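Working notes for the structure below.
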Amino acid sequence: MIGRLTGKVLEEADGGTVVDVNGVGYEVTVPLGTLGRAGRDGEDRVTLFVHTHVREDVFSLFGFASDADRLAFRTLIGVSSVGPKTAIQVLSALPAPELGQAIARKE
């Protein structure tokens with residue numbers, strides 16, 4: 001499984017990002033705002049915490065700015081009827097800390 005990627009962002013479009021890691025381009029789906037929050041080094045390489053989602057017909061990578069965001073994603077997809085795309089949409093609207101607060105307030 002792929003757990004983390006560090007590389008240069010080559011493309012960004014509608015939540016889809018291509019990250020070049022030593023010449024290999026990984027297509028990663030990210031929530032809105034993730035690339036702005038993700039850590040970058042002196043060479044402008046971004047680090048994403050990755051959830052690898054495998055089904056019989058698809059191998060998908062979902063990237064997050066922090067391990068907490070990835071944990072929130074994994075918690076969301078563990079809920080009945082919530083798939084990866086829905087979880088990404090939720091985290092695009094509410095980053096993990098805000099989502100946790102909303103749940104605590106029962107909103």
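The values are calculated or read from the model by the stated rules, or taken from the named source; none is laboratory data. None of the values given here were measured: they were computed from a predicted structure. Please note: Cβ atoms are built from the backbone with ideal geometry, for glycine as well, and neighbour counts cover all protein chains shown. Heavy atoms of the whole protein, side chains included, go into the accessibility calculation; ligands, DNA and RNA do not. Shrake-Rupley method; radii C 1.70, N 1.55, O 1.52, S 1.80 Å.
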Exercise. Has region 63-71 got at least one residue that is at negative phi, in contact (Cβ under 8 Å) with a residue 12 or more places away in the chain and assigned to a strand (DSSP E or B)?
Worked result: yes
Problem set entry | Filter result (hydrophobic (A, V, I, L, M, F, W, C), part of a helix (DSSP H, G or I) and within 11 Å of P31 (Cβ to Cβ)) within region 77-97 | A87, I88, V90, L91, A93, A96
Exercise. Tally time: how many residues in region 40-53 are open to solvent by 50 Å² or more (accessible area, probe 1.4 Å) and either within 14 Å of V21 (Cα to Cα) or touching a residue at least 24 places away in the same chain (Cβ under 8 Å) (or both)?
Worked result: 6
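Here's the yes/no breakdown for (1) modelled with pLDDT of 90 or more; (2) small (G, A, S):
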site	(1), (2)
H53	yes, no
S66	yes, yes
V82	yes, no
P97	no, no
Q101	no, no
A104	no, yes
Problem set entry | Qualifying residue in region 54-65 (condition: open to solvent by 40 Å² or more (accessible area, probe 1.4 Å) and within 22 Å of A13 (Cβ to Cβ)) | yes
For this session: Please determine, by comparing only the residues of region 15-38 that are in a loop (DSSP other than H, G, I, E, B) and more than 17 Å from P97 (Cα to Cα), which one is nearest to the chain's Cα centre (by Cα).
Result: G15
Exercise. Is region 18-25 home to any residue that is free of Cβ contacts under 8 Å to residues at least 12 places away in the same chain, out of contact with any Asp or Glu (no Cβ under 7 Å at 6 or more places or on another chain), exposed (fewer than 13 other Cβ atoms within 10 Å of the Cβ) and of a type outside the set (V, I, T)?
Worked result: yes
